[in-house]
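The values are calculated or read from the model by the stated rules, or taken from the named source; none is laboratory data. Fair warning: this is a prediction, and the values are worked out from it, not measured in the lab. Positions of Cβ are backbone-derived with ideal geometry, glycine not excepted, and every protein chain shown enters the neighbour counts. Just so you know, the surface numbers come from the protein's heavy atoms only, side chains and all, with ligands and any DNA or RNA stripped out. Shrake-Rupley method; radii C 1.70, N 1.55, O 1.52, S 1.80 Å.
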Amino acid sequence: MRVLGATVLLIALGPTGWASAEVPANESAVPALVMPIPSGVSCLVPSDGLAQLAQRFLANTELLLARYPEGGMAFSHEVRNLVAGSSDTFVPIMGLLSRSTVHQKTAIASGLARAVNECGDEVAYSTAMQIAIAAVEDTAFQESFAIVLDQMRVAAIASQEGPVSNGGAL
């Protein structure tokens, strides 16, 4: 079975478990997974700015790539805000991968890792994102995602342990 478009992930659970259908290579680098992407989930404090950011992105997804041709931290931050701010932006962000440069893919992976981290309390959404991300067959993308996610988890552990003391020595 083939899916003609990259804006929808199939939602169903078959008798043998999660199934998938590949999206044609010219459509997306992401297979369409059979995993629900909850609609309307926001992992950030809702604001008019986030809602407007999501609306502008959804109105013209290609503009995001045009605004950040070199990728970078600002691009990564915008991906994080979009995906953590509205689950409705996740599938369109994933759809951009097939048209992204290596630098843009790295920034998308970084932003997605930070969004997954931000959305940890939204278990269904976070899990669905991680399953879809794991299906991307791009080693550099996967490595970038894993590195940033690991850094976020190490930072979280370190912050829970509190400052390191040197016993009062100078």
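Take 103-116, 139-152 and order them by the average number of nearby Cβ atoms within 10 Å per residue, most first; the result is 103-116, 139-152. The solvent-accessible area of Asp48, taken with every protein chain present and a 1.4 Å probe, is close to 120 Å².
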